[in-house]
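Read-outs: derived from the displayed coordinates by stated rules, not from any lab. Note that the coordinates shown come from a computational prediction; the quantities given were computed from them, not determined experimentally. No Cβ is skipped: glycine too gets one built from the backbone with ideal geometry, and neighbour counts run over all protein chains shown.
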Amino acid sequence: MIALPTDKITHDDRDSDRAIQSMNSLKSSALAILLGVFTACGDGISAPITELPRELSLAERRLIDAGNDFSLRLFRAVHNESAADSNVFISPLSVSVALGMTMNGAAGETFSAMATTLGFDGLLLNEINEGYRDLIDLLVNLDERVTMDVANSVWHRPEFAVQAPFLESLRTFFDARVEALDFSLANAPDIIDQWA
């Protein structure tokens with residue numbers, strides 16, 4: 001299990017700094033490739049998107065700032081737990097969204113621990129949910145020439161009663177599908193893999 005530190009990133013750990021620099025370089029390369037793909041879509045070369053189509057809300061800015069910090073802490077924790085010759089690929093946004101969804105079913109100490117881990121201290125659940133909703137809408141509709149779909153889901157045992165407010169929050173804010181599934185079925189992994 002990877003222990004994710006809840007403290008803010010500091011720059012006194014040289015190995016982590018090298019890992020972060022390596023990740024920043026990788027992110028820059030990936031961004032260049034994605035921009036090349038996005039600008040090459042359609043009829044000819046299109047101008048790259050250089051600004052957002054609207055101002056970000058305060059909740060979105062707080063989620064983005066928290067998400068950036070969470071991403072770096074997650075990358076550091078994964079790097080520190082990975083073998084030196086390993087090649088690991090993770091999506092901090094996917095991890096953040098998954099934890100954001102499950103926060104809707106948490107309360108008390110569990111909710112507080114999740115909020116701290118994600119950097120959402122001081123935000124109400126509704127602000128967090130609305131921030132995710134707005135960011136999902138922004139990403140999905142950022143470029144009309146690009147098709148981007150969100151694939152969020154929660155699978156539970158059929159005998160587990162899922163509360164209606166939890167279901168409604170996942171559907172409303174995260175475009176999530178919630179399904180009951182007998183995990184003892186031999187094809188249960190295939191069912192989950194094929195739903196999107």
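Odds and ends about this structure:
- Candidates per trypsin sites (Lys or Arg not before Pro) in region 129-196, loop by DSSP, up to 16 other Cβ within 10 Å: 145
- If you take the Cα centroid of region 58-75 and the Cα centroid of region 121-153, the two points sit 13 Å apart.
- Residue 180 sits among other residues whose Cβ lies under 14 Å from its own Cβ, and their net charge, with Lys and Arg +1 and Asp and Glu -1, is -1.
- Ordered by the number of other Cβ atoms lying within 10 Å of each residue's own Cβ, fewest first, 170, 135 fall into the sequence 135, 170.
- Cleavage-rule hits, chymotrypsin sites (Phe, Trp or Tyr not before Pro), region 128-196, DSSP coil, Cβ neighbours within 10 Å at most 10: 160
- Normalised Debye scattering of region 82-196 at q = 0.10, 0.14, 0.15, 0.22 Å⁻¹ gives log10 I(q)/I(0) of -0.38, -0.73, -0.82, -1.29, counting only Cα atoms as equal scatterers and leaving out solvent.
- Hypothetical label at residue 102: residues of region 160-196 whose amide nitrogen lies under 14 Å (7 Å Cα-Cβ projection): none
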